[in-house]
Amino acid sequence: MGAGVLTPLLADAGLAVGPAGDLLMGEVPLRVVAEAMGTPTYVYNAAVIRERFARLDAAFGALPHRICYAVKANGNLAVLRLLADCGAGADIVSGGELLRALAAGFPAERIVFSGVGKTDDELQAAITAGVGHINVESVAELRRLAVLAEAQGARVPVGIRINPDVTAETHPYISTGKGGLKFGIPIDQLPDAYAVLDETSALVLDALAMHLGSQIMQPTPWVAALDRLLEVLANARRRGHAPTTLDIGGGIGIRYRDEAPMAPEDWVAAIHARLAATGCTVQLEPGRFLVGPAGVMLTRIVHRKHSGGREIAIVDAGMNDLLRPSLYQAWHQIVAVDAPEASTVPTDVVGPVCETGDFLGLERDLPEVPAGALLAVLGAGAYAFAMSSNYNARARAAEVLVDGDRWAEVRPRERLRDLFASETPDPFADEAR
Ligand SMILES: *Cc1c(COP(=O)(O)O)cnc(C)c1O
């Protein structure tokens with residue numbers, strides 16, 4: 001593996017090769033964490049998360065802004081608390097994330113509730129909690145929210161998420177700003193939304209919002225979409241609304257391999273003038289940018305084999321632990337923790353799950369380390385543990401937070417017997433036969 005590819009990836013994660021030649025996160029040897037915790041285990045670097053938050057925050061300078069972390073990227077309470085302590089708000093997409101965000105200590109007014117399919121129960125919970133905004137994604141949802149807000153006698157600040165009909169060059173499963181997708185209200189339906197707002201005093205149009213997709217590497221789509229959003233803002237003002245907030249969504253891309261993601265400063269520079277002219281507070285909803293590079297997944301090689309001319313390393317983490325390679329053909333850099341810079345052979349790194357799509361990486365440059373060797377899968381801080389499952393009756397991994405020279409378990413590995421402890425094997429046992 002070329003050191004040229006590895007060096008920036010290690011730096012992004014706050015990883016370095018220590019005096020003994022193995023990988024350290026901060027000052028903590030990953031080997032020590034794996035020995036104590038077993039594998040697979042997710043390890044997050046608090047210092048990296050704080051630095052990335054601070055850099056994004058600073059990029060906005062004096063422009064009034066609020067960074068609402070997208071909880072779905074990584075909802076561990078320790079990660080959430082860290083970001084709440086940085087001053088972040090939270091962007092949530094379910095009632096479960098509302099509970100998580102409140103439990104982690106985010107003040108309700110710093111929470112924004114997004115999502116296309118919020119149920120009555122979820123909307124009611126958000127009204128009761130007093131979240132900062134509910135971002136509405138359809139006229140039908142707006143109508144429903146008006147009914148619920150009136151019933152509770154509440155005055156609810158809403159954001160309207162428009163669909164700007166802009167294509168972001170990313171994986172089709174994570175592109176969300178194009179017309180015809182399920183996300184946002186198409187601009188030509190906004191008159192219907194205004195009509196709902198005109199008929200109720202329970203809703204206040206406080207924000208206009210958009211979210212273009214995820215892992216976007218250039219400012220261009222935001223520039224194009226912002227022009228649409230600003231037209232909508234002008235129109236809303238003409239109709240007597242006074243939104244205080246422009247929510248420009250998340251989606252800021254990161255480096256997984258050898259990409260050159262836009263620097264946050266360049267991103268802000270490209271959109272600053274448009275935003276400043278509005279006099280609104282800018283709200284953003286980054287998930288991946290803040291936590292993605294900060295995490296690694298530790299896994300050990302269980303067996304090696306050769307087949308069809310290929311070198312295969314079977315590891316103890318599978319698609320249930322890290323779904324992104326199988327779901328999006330995503331690339332995650334894989335490094336041998338004890339020999340990060342050793343010479344390599346092309347190796348397929350595959351999981352134990354009974355699916356051909358169960359791999360972490362194919363034809364990877366890895367040293368021929370034996371069974372038992374420890375690997376680190378980089379870029380595993382976002383949409384990694386959060387997407388894990390119990391498929392194949394596999395317990396979900398442990399999670400660890402590293403902060404400088406300290407580390408702590410922040411979620412234990414699941415216990416196998418707990419996976420089925422609440423199930424009922426014989427539901428009709430009491431019935432007469
Ligand atoms: C997923 C999502 C985000 C976060 O996206 P990232 O690519 O992780 O920054 C922000 N806003 C909304 C509405 C989302 O659905």
Open item on the list: Looking only at strands (runs of 3 or more DSSP E) that lie completely in segment 293-384, which have at least 1 residues being touching a His at 6+ places or on another chain (Cβ under 9 Å), more than 16 Å from the ligand (Cβ to nearest atom) and closer than 25 Å to ILE49 by Cα?
Closed with: 295-307, 359-366, 374-377
Open item on the list: Step by step: first the residues of segment 235-251, then only those that are without any contact (Cβ under 8 Å) to a residue 40 or more places away in the chain and under 16 Å from CYS68 (Cα atoms), then the one that is surrounded by the most Cβ atoms within 10 Å (Cβ to Cβ). Which residue is that?
Closed with: LEU246
Task: Residue match in segment 288-305 (condition: without any contact (Cβ under 8 Å) to a residue 24 or more places away in the chain, open to solvent by 10 Å² or more (accessible area, probe 1.4 Å) and not β-branched (Val, Ile, Thr)) - done: yes
Open item on the list: Please go through (1) of a type in the set (A, V, I, L, M); (2) surrounded by 19 or more Cβ atoms within 10 Å (Cβ to Cβ); (3) away from the ligand (no atom under 14 Å from the Cβ) for ILE111 and return the number of the only condition it doesn't satisfy.
Closed with: (3)
Open item on the list: I'd like to know if segment 380-397 contains one or more residues that are open to solvent by 20 Å² or more (accessible area, probe 1.4 Å) and of a type in the set (Lys, Arg).
Closed with: yes
Task: Only listed residue being open to solvent by 40 Å² or more (accessible area, probe 1.4 Å), within 21 Å of the chain's Cα centre (by Cα) and of a type in the set (A, V, I, L, M), chosen from VAL131, VAL136, VAL116 - done: VAL116
TODO: State which residue is nearest to the ligand (Cβ to nearest atom) when the search covers only segment 261-287 and only residues that are touching a strand residue (DSSP E or B) at 6+ places or on another chain (Cβ under 7 Å) and open to solvent by 10 Å² or more (accessible area, probe 1.4 Å).
DONE: GLU285
Open item on the list: For the structure I just gave you, tell me whether MET210 is closer than 21 Å to ILE67 by Cα, open to solvent by 10 Å² or more (accessible area, probe 1.4 Å), within 16 Å of the ligand (Cβ to nearest atom) and hydrophobic (A, V, I, L, M, F, W, C).
Closed with: no
- [ ] State yes or no: is LEU416 among the aliphatic types (A, V, I, L, M) and open to solvent by less than 30 Å² (accessible area, probe 1.4 Å)?
- [x] no
- [ ] Say whether the condition of being in contact (Cβ under 8 Å) with a residue 40 or more places away in the chain and farther than 19 Å from ILE314 by Cα is met by at least one residue in segment 344-358.
- [x] no
Open item on the list: Please verify whether ALA225 is under 16 Å from HIS272 (Cα atoms), touching a residue at least 24 places away in the same chain (Cβ under 8 Å), within 16 Å of the ligand (Cβ to nearest atom) and open to solvent by less than 10 Å² (accessible area, probe 1.4 Å), treating the condition exactly as stated.
Closed with: yes
Task: Residues (touching a Leu at 6+ places or on another chain (Cβ under 6 Å), closer than 18 Å to GLY115 by Cα and within 16 Å of the ligand (Cβ to nearest atom)) located in segment 161-202 - done: GLY177
Task: Any chance ALA313 is touching a strand residue (DSSP E or B) at 6+ places or on another chain (Cβ under 6 Å), aliphatic (A, V, I, L, M), open to solvent by less than 10 Å² (accessible area, probe 1.4 Å) and assigned by TED's automatic domain parsing to the domain that holds ALA398 - done: yes
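The values are calculated or read from the model by the stated rules, or taken from the named source; none is laboratory data. Remember, it's a predicted structure, so these values are computed and weren't measured experimentally. Cβ coordinates were reconstructed from backbone atoms using ideal geometry, including for glycine residues, and neighbour counts include every protein chain displayed. For accessibility, only protein heavy atoms count, side chains too; no ligands or nucleic acids. Shrake-Rupley method; radii C 1.70, N 1.55, O 1.52, S 1.80 Å.
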